[in-house]
Amino acid sequence: MIAIRFERVTKMFDDQVVLKDFDLKVRKAETKIILGGSGSGKTTILKMVLGLVKPDQGRIWVNDRDITDLSEDELMDIRKEIGMVFQEGALFDSMTVGENVAYPLREARRHTPEEMEAAVRRLLGFVGLADAFDKMPSELSGGMKRRVAIARAVVHRPSIVLYDEPTAGLDPITSRTICDLVIALRDLEGVSSIFVTHDLSAATTLASEMAIRESSGQVTFRSENNEFCLANTRFVILKDGQIIFEGTDESLDTAEDEYVREFLT
Amino acid sequence: MSVITSAIFEVQEFTLLSTRAVTNLFKKPRYIQDTLVQMDIIGVGSLLIIILTGFFTGGVLALQSSKSLKAFGAVHLTGQLVSLSLIKELGPVLTALMIAGRVGSGIASELGSMVVTEQIDAMRALGTDPSKKLVTPRMLASTTMTPLLTVVADLLGLVGGWLVSLYSLKLNSSLYWNTALRSLDYNNALEGLIKPVVFGFIVGMVGCYFGLRTSGGTRGVGLSTTQSVVTASILVIVADFFLSKIILELQY
Ligand SMILES: Nc1ncnc2c1ncn2[C@@H]1O[C@H](COP(=O)(O)OP(=O)(O)O)[C@@H](O)[C@H]1O
Ligand SMILES: [Mg+2]
């Protein structure tokens, strides 16, 4: 099954071409890292997966279903399969952290309050913010907001998660925590994802580490070495609305393209 | 785009949003809790400014009109003049303008900042239709609360007029209340209630429309807020003219 597929997608805002004949494929349990400068259309790609933005040309499939022409009502079913971590978190600032994370479950209207609270507390524990349950988003730092946003994006166990620059502007330690969460979801839960960023070090971490659950139940992280090489994470580099590089972190290191080299330094 | 085509486009978008807000009333899911919260914010939250507005408007009406009435030897009609002007015109219009300033601007800036911080996108991504969760509750709350607040303004206005008549114009209390209440027939009361329903709808919808249409970051939020107040106020005054005209035609 292919989780996300873009075929010759073109998107314009007024006269500005943001994406031109853009192709993308994300397989089950695969992570695609999209690197690109500011304004290169990264957020637009993610919003098109959710049907929040419609392409002008081309087609988009999510879990093998063509979503290009679906109405807002029809998209609701597709969106249940997707979690999105917005750029600055986009937490609802009139709700507490607990209510934010519970939101997808409440909208599904299938869970008891006890089930919801248990799920929310488990997830806040997972992102390391167990005490933030009753806080308001305005009381949180940028890094905490992003982690709450991750919790909210995955609480309903979506098969696809979209990350919009989740590490931008964060210190290396917080950034590392967020990468660990992304890796754990990819390797332990089989989540397919698109990770949009212009933070090369976060991208490298994602492409070179894997999470393993030991028999004791503990999760550990291992770096790529001579024994194994991660194949479920690939890079895509965007420029002027088109893909100028696609491949693994190893091929990225040997890439010739001038812009790619420039991006790496 | 020329000014005219963009104006037509805006009217069309506004009409679409309003239609959606109304048809949502008959569709699930309904956000009753959100509606009650909005009613509280709009109704209870505006009470004080409405009380002050009504009271002093009634007072000044009595003060100003007594002079002209005296010239015709008709000071005893002060009560009637205050009550008619208040209930048919000033109560509904001034209440709506105050609500536009306080509530319409609040709605526009709240929804506007939700747009620029991607909270609206997040809501849609999480399976919620913002027109159901955000627009319909606000529309419903301002449509129902504006008439109630208008009644409060009318009553306080009558009290203000009465105090002025009593202490400043030395009129007889029962004379004031008799003439004031006599003019309150069914037609006038109906006119005084239909207008604020329409005005409340306008203020709520204009606030939602400009809020959701916000673009361009924090600056955009300020712009939307201003535009919503100006547009809602003008629409209220224009609508008041046409409603008065229609009601007059229907009465004769
Ligand atoms: N709703 C919109 N209306 C007009 N232009 C937009 C809109 N959304 C994005 N753009 C433009 O499209 C380009 C790509 O935006 P975006 O996808 O947000 O870039 P990135 O996330 O890579 O920084 C930018 O130049 C932006 O100004
Ligand atoms: Mg972006």
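The values are calculated or read from the model by the stated rules, or taken from the named source; none is laboratory data. Predicted, not measured: the structure shown is a model, and the values here were computed from it. Don't worry about glycine lacking a Cβ; one is built from the backbone with ideal geometry, like all the others, and counts go over all protein chains shown. With ligands, DNA and RNA removed, areas are computed over all heavy atoms of the protein, side chains included. Shrake-Rupley method; radii C 1.70, N 1.55, O 1.52, S 1.80 Å.
Relative contact order, percent, of segment A:107-265 when contacts are C-alpha pairs under 8 Å separated by at least 6 residues?
13 percent
Kindly provide log₁₀ I(q)/I(0) values, in the same order as q = 0.16 Å⁻¹, from the Debye equation applied to equal alpha-carbon scatterers of segment B:155-252.
Relative scattering, expressed as log10 I(q)/I(0), comes to -0.83.
How many Lys pairs in chain B lie less than 22 angstrom apart by Cα atoms, where the lysines are 8 or more positions apart or on different chains?
Taking the Cα cut-off of 22 Å, the pair count is 10.
Excluding residue B:6 itself, calculate the net charge of residues whose Cβ lies under 15 Å from the Cβ of residue B:6, where each Lys or Arg counts +1 and each Asp or Glu counts -1.
Details: positive: B:213; negative: A:14, B:10, B:13.
Around residue B:6, the surrounding residues sum to -2.
Rounded to whole Å and ordered largest first, report the semi-axes of the equivalent ellipsoid of chain B derived from its Cα gyration tensor (root of 5λ).
Over the Cα atoms of chain B, the semi-axes work out to 39, 18, 16 Å.
Per DSSP H run of at least 4 residues, take -39500 (n - 2.57); add these up for chain A, divide by its residues and hand me the 222 nm value, nearest 500 deg cm²/dmol.
The helix contribution divided over chain A gives -10500 deg cm²/dmol.
Does segment A:118-166 classify as rounded, prolate or oblate by the C-alpha gyration tensor (a ≥ b ≥ c root eigenvalues; a/c under 1.5 gives rounded; else a/b over b/c gives prolate, otherwise oblate)?
Values: a/c = 2.35, a/b = 1.20, b/c = 1.96.
It is oblate, given that a/c is not under 1.5 and a/b is not larger than b/c.
Put B:210, A:13 in order of accessible area, largest first, 1.4 Å probe: what do you get?
A:13, B:210
Given H placed 1.01 Å from N in the peptide plane, which residues other than close sequence neighbours of residue A:2 have an amide H under 5 Å from its amide H?
Here the answer is A:64, since their amide H atoms fall under 5 Å of that of residue A:2.
If the cut-off is a Cα-Cα distance under 20 Å, which lysines reach residue A:42, setting aside same-chain residues fewer than 8 apart in sequence?
By straight Cα distance, residue A:42 reaches A:11, A:20, A:25, A:32, A:54, A:239.
Beyond 20 Å, what share of the Cα-Cα pairs of segment B:11-74 remains, rounded to the nearest whole percent? The partial results should precede the final answer.
Values: 1250 of 2016 pairs.
Across segment B:11-74, Cα pairs with separations above 20 Å total 62 percent.
Quote the relative contact order of chain A in percent (integer), defining contacts as alpha-carbon pairs under 8 Å separated by 6+ residues. List each step's numbers first, then the result.
Numbers: 485 pairs, mean separation 62.4, N = 265.
Reported relative contact order: 24 percent.
Please state the charge dipole magnitude for the protein assembly as shown, taken about the Cα centre, from unit charges on C-beta atoms (+1 on K and R, -1 on D and E), reported in debye and rounded to the nearest 20.
2080 debye
Per the Kirkwood formula on distinct C-alpha pairs, the Rh of segment B:10-144 is how many angstrom?
That comes to 17.6 Å for segment B:10-144.
Among DSSP beta bridges lying fully in the protein assembly as shown, give the percent that are antiparallel, nearest 5.
Counting only bridges with both partners in the protein assembly as shown, antiparallel ones make up about 60 percent.
Ordered by residue, what ³J(HN,Hα) values in Hz, to whole numbers, does segment B:76-88 give under the Karplus form 6.51 cos²θ - 1.76 cosθ + 1.60, where θ = phi - 60° and Gly and Pro are x?
Using θ = phi - 60°, the values come out as 5, 8, 3, x, 5, 5, 4, 5, 5, 5, 5, 6, 7 Hz.
Please average, across the residues of A:87-100, the number of beta carbons from any other chain that are within 10 Å of each residue's own beta carbon, and give a whole number.
So the per-residue partner count for this stretch is 3.
Sum up the charges of everything whose Cβ sits under 12 Å from the Cβ of residue A:10, counting Lys and Arg as +1 and Asp and Glu as -1, but leave residue A:10 out.
Working: positive: A:8, A:11, A:20, A:54, A:59; negative: A:7, A:21, A:23, A:56.
Counting the neighbours of residue A:10, the net charge comes to +1.
Report for chain A the percent antiparallel among DSSP-assigned beta bridges with both residues inside it, nearest 5.
If we restrict to bridges inside chain A, about 60 percent are antiparallel.
With point charges of +1 on the Cβ of Lys and Arg and -1 on the Cβ of Asp and Glu, referenced to the Cα centre of chain B, which listed residue (B:17, B:86, B:234) lies farthest in the positive direction of the dipole?
B:86
Compute the Kirkwood hydrodynamic radius of segment A:1-66, taking the inverse of the mean of 1/r over all pairs of distinct Cα atoms, and give it in Å to one decimal.
Evaluated on segment A:1-66, it is 12.2 Å.
Would you kindly calculate the mean projected area, averaged across all directions, of the convex hull enclosing the Cα atoms of segment B:66-211, in square nanometres?
The orientation-averaged projected area of the Cα hull of segment B:66-211 comes to 10.0 nm².
For residue A:233, which sequence-distant residues (separation of 5 or more, or a different chain) have an amide H within less than 5 Å of its own amide H, given hydrogens modelled in the peptide plane?
So residue A:233 has HN proximity to A:31.
For segment B:197-215 and segment A:22-98, what is the centre-to-centre distance using only Cα atoms, to the nearest Å?
Value for the Cα centre distance between the two parts: 29 Å.
When the distances between all Cα atoms of segment B:57-131 are binned every 5 Å from zero, what whole-number percent does each bin get?
The calculated distribution, bin by bin, is 3, 14, 14, 12, 9, 8, 7, 7, 7, 6, 5, 4, 3, 1.
Take the alpha-carbon positions of chain A, form their convex hull, and give its projected area averaged over all directions (one quarter of the hull surface) in nm². Please report the intermediate quantities before stating the final value.
Values: hull surface 61.3 nm².
Result: a mean projected hull area of 15.3 nm².
Put B:75, B:206 in order of accessible area, largest first, 1.4 Å probe: what do you get?
I get B:75, B:206, largest accessible area first.
Per residue Cα convex hull volume for the protein assembly as shown, in cubic angstrom?
With only Cα atoms used, the protein assembly as shown gives 187 Å³ per residue.
Short version: ³J(HN,Hα) in whole Hz for each residue of segment A:19-30, in order, from phi by Karplus 6.51 cos²θ - 1.76 cosθ + 1.60 (θ = phi - 60°), x for Gly and Pro, what are they?
For segment A:19-30, the Karplus-derived couplings read 10, 10, 6, 7, 10, 7, 9, 10, 7, 4, 6, 9 Hz, x marking Gly and Pro.
For chain B, what is the relative contact order in percent, using Cα pairs closer than 8 Å and at least 6 residues apart in sequence? Write down the numbers at each step before the final one.
Values: 369 pairs, mean separation 81.7, N = 252.
Relative contact order for chain B comes out at 32 percent.
About its Cα centre, how strong a charge dipole does chain A have in debye, to the nearest 20, once Lys and Arg get +1 and Asp and Glu get -1 at the Cβ?
600 debye
Residues with amide H under 5 Å of residue A:58's amide H, sequence separation 5 or more or different chain, H placed in the peptide plane at 1.01 Å from N; which?
A:10
If one puts a single equal scatterer on every Cα of segment A:95-191 and applies the Debye formula without solvent, what log₁₀ I(q)/I(0) results at q = 0.21 Å⁻¹?
-1.09
Work out from phi, with θ = phi - 60° and the Karplus expression 6.51 cos²θ - 1.76 cosθ + 1.60, the ³J(HN,Hα) of each residue of segment B:64-74, listed in order in whole Hz, and give x for Gly and Pro.
Once rounded to whole Hz, the list reads 6, 6, 4, 5, 5, 5, 4, 4, 9, x, 10.
Computed FRET efficiency, Cβ-Cβ of residue B:36 and residue B:241, R0 35 Å: what is it to the nearest 0.05? Working shown, then result.
Values: r = 34 Å, r/R0 = 0.96.
Working from the Cβ atoms, E equals 0.55.
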